[in-house]
Amino acid sequence: MADEERELLLADERGGFTVERDAIISTIDLHDPAEGAALRAGEEGDGGEDFDAVPTEKRQLGLISASFLIFNSVVGTGIYSTPSLILRLSGSPGMSLVVWLIGALIASAGTAVYVEFGTGLPRSGAEKNYLEFIYRKPKYLATCVYAFLTILIGWAAANGVIFGDYVVHALGLSVTLTNTRSIGVLALTSAFLIHATNLKFGLRLQNALGIFVLGVLFFIALAGILNLLGAPGFKQGDGGKNLQWDNLWTGTRLEANGFVIALYNVIWSFVGYRNANYALSEVRDPVRTLKRAAPLAIIVITVLYLLVNIAYLAVVPREELENGGQVVAALFFRNLFGKQSERVVSAIIALSVYGNMLALLFAGGRVVQELARECILPFSEFFASNKPFGTPFAGLFWQWAFSCILTVAPPPGDAFDFIVQVNMLPSSVASLLVTGGLLFLHSPYAKARTAWAWDPPFKAWRSVTVFFFASNLFLVIVPLVPPAPGMEVFANLPYWLPVVAALGIGGLGAAYWYMYWVYLPSRGGYKLEKMFLVQEDGVSRSVFVKLKE
C-alpha cells in the first residue's frame, strides 16, 4: 500500500493529537517471535535488555530495588488486616494456618509462572504483554478487556482505607468516616507526588520502608516465639490457648464461599509477587534480576507470614482476634505490651502500609503507561509520555485518581473487603488466562507453530503451572456460590456485587474493542495496522494507521 494511502487514525481520532509521518519507524514487533527472534529474551549475553526499545539510562532498578519492589507490594495491608476475617471464615486457628499455607503455595506457583513469562517477554506491563502474545485472535480483544480491568480499579485503594484506620488509631482521634478517608486520600496524594516528580527519591524511600517493614515483621514473629517460650517480658496475653491441640481445630468450617473469600484475602496478602513484571523495562539485566529477586522475596515473605500468624494466635485471645477487624497487629501489641504500646504500633504499621502504597502506585502507573505505548488507551501519547519529570506522570495520576475514588466510595464497614474482592477477581481471571496460555504454549500444537515459538531462559514445572491454573479456576467460579447463613462477608452489600462489578468492567473493555477495532473500521472501509515511533525520551510506542480497502 502506497504511503499516501496510509492515514494516521487512532492516535488522532481518539487521542486528540498529531504525529508527524516521518516520526514513524519500521521496527520489529517484539511480541511476534516469527519477526522478532533476534531480540528474544535469553539470547546469550543480552540479559533481556535488548528485547524492549528502552534506553539503558532509564533502567535504574537493580536486584535490591526489584526485590523491595516485590516485598513492599506484598507486605503492607494484608498481614495486618486480614487475619481476623480469615480466622472467622475458616472457623479455627488450625484451619486459618492451613489457608495461609495454601495461599503461600498458590503465590509460589504464581511466582514461577510469572518469572517464566517475565524472562520470556522482559518488558513492563506483565499480563498485558502475555495475553497479547498468547491470544492473537480476535486481535487486541484480550488486551482491551485486560486494560479496562486494570485501569478501572484502584490498585492502592485498600491501602488508603487501612492507612487512615491505623493513623486515626495512632493519633487517638475519634474514628469517623471523614477522618479515616481524608487521611487515606492525603497519603495516596503524597505517594503519587513522590513517584511522579522524583523517581530516585521515590525508590530510595520505597527501599528504606522495605527494610523497616522487614524488621517489623521479624520482631512480631520473634515476639510470638518468645511468648510461647515464656520469656520474661513476653508472657502477657492468653492467646496461647489457640495453639493447644484441643483448641486448634475446634470450629473448623469448610463452606465453599467462605473458604474462597478467606483464600482471596490470603492471596491479596501475597499478590505483589508479580510486581517487578510490571516494571521490567526499568530493570537492569531484567532476566537475571527477575530470576533472583522474585523467589528471594516470596521465600522470605512466606516464612515471615506464617510466623506472624502464629504470633497473633499465640498472644491474642480467639474471640478478640475474630472480631479484630483491620487492626489485628495493634491488638497483638496491646495484649503483649499493654495498651500504651498500641498507638505506637499503629503508627509503625501505617508506615508499612505506606510503603505498600508506594510500590503499588509505582507498578500501576507503569501498567497504564505500557497500555498507552501499545496505543490501546485514548490519549495514548499523553499516557505513554515520561514528561515532565522523567516519570510516567500521567499513568501515576490515573492510578491515584481511581484509588482515591475507591477509597472514599464504598460504605463504612464494607470498604476494605469490597476493594479486596473487586481487585482480586479480575486478578484471578487474568492469572487464569495467563496460566492457561502458558499450558497452551507448552502444548505440541503451539510448539509446532512458529507464531508461538516459546523458549524462555526459565521454565516453571508443568505440575506447578497446572496447580496455579486450577487454583485460579477455583477462585473465579466459587465466589458465584451464595454464602451460608452467618458466613456473609459484607454487612451492607450483596455477595455478588464484586463479581458483577468485575464482569461489567470486562464487558466495557470488550465493547471498547468492538467499537474501535471492528465497528468503526467496518463502517469506514479500512483496516488497522500497527506501526512504531520513538518518543522524545527515546522510548518507543505504537500508533495505528488505517489502510483503505
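The values are calculated or read from the model by the stated rules, or taken from the named source; none is laboratory data. Bear in mind the structure is a predicted one, so any value in this text is a computation, not a measurement. Areas reflect the complete protein model, heavy atoms only, side chains present, ligands, DNA and RNA absent. Shrake-Rupley method; radii C 1.70, N 1.55, O 1.52, S 1.80 Å.
Points to keep in mind about this one:
- Across region 350-361, rounded Karplus estimates of 3J(HN,Hα) from the backbone phi angles (6.51 cos²θ - 1.76 cosθ + 1.60, θ = phi - 60°) give 4, 5, 4, 4, 5, x, 5, 4, 4, 5, 5, 5 Hz, Gly and Pro being marked x.
- Region 24-548 - accessible surface per residue (Å², probe 1.4 Å): 37 Å²
- Per-residue HN-Hα couplings for region 375-387 [Karplus 6.51, -1.76, 1.60; θ = phi - 60°; Hz; x = Gly/Pro]: 6, 7, 8, x, 6, 5, 4, 5, 6, 7, 6, 10, 8
- Mean Cα-pair separation over length for region 24-548, i.e. relative contact order, pairs under 8 Å, 6 or more apart, %: 29 percent
- Each residue of region 122-136 was assigned a 3J(HN,Hα) from its phi angle through the Karplus expression (A = 6.51, B = -1.76, C = 1.60, θ = phi - 60°), giving x, 9, 4, x, 6, 4, 4, 5, 5, 5, 5, 5, 7, 9, 7 Hz with x at Gly and Pro.
- Compactness of region 24-548 - radius of gyration and Dmax, Cα, Å: 22.9, 81
- Figure note: R366, R462, R253 ranked by solvent-accessible area, largest first, 1.4 Å probe, ligands and nucleic acids not counted: R462, R253, R366.
- Solvent-accessible ranking of W461, W496, largest area first, probe 1.4 Å: W461, W496
- Here the Debye sum runs over all C-alpha atoms of region 99-169 as equal scatterers in vacuum, and log10 of I(q)/I(0) at q = 0.11, 0.22, 0.26, 0.28 Å⁻¹ comes out as -0.45, -1.03, -1.07, -1.10.
- Cα-Cα separations in region 210-299 greater than 21 Å, expressed as whole percent: 61 percent
- Of the residues W398, W454, ranked by 1.4 Å probe accessible area with the largest first, the sequence reads W398, W454.
- Solvent accessible area, Å² - L205, 1.4 Å probe, full protein context: 40 Å²
- Note on region 24-548: with neighbouring protein chains present and a 1.4 Å probe, carbon and sulfur make up 66 percent of its accessible heavy-atom surface.
- With contacts taken as Cα pairs under 8 Å and at least 6 residues apart, region 141-233 reaches a relative contact order of 18 percent.
- Links that overshoot a 29 Å alpha carbon limit, given the list K387/K459; K137/K459; K137/K546; K200/K291: K387/K459
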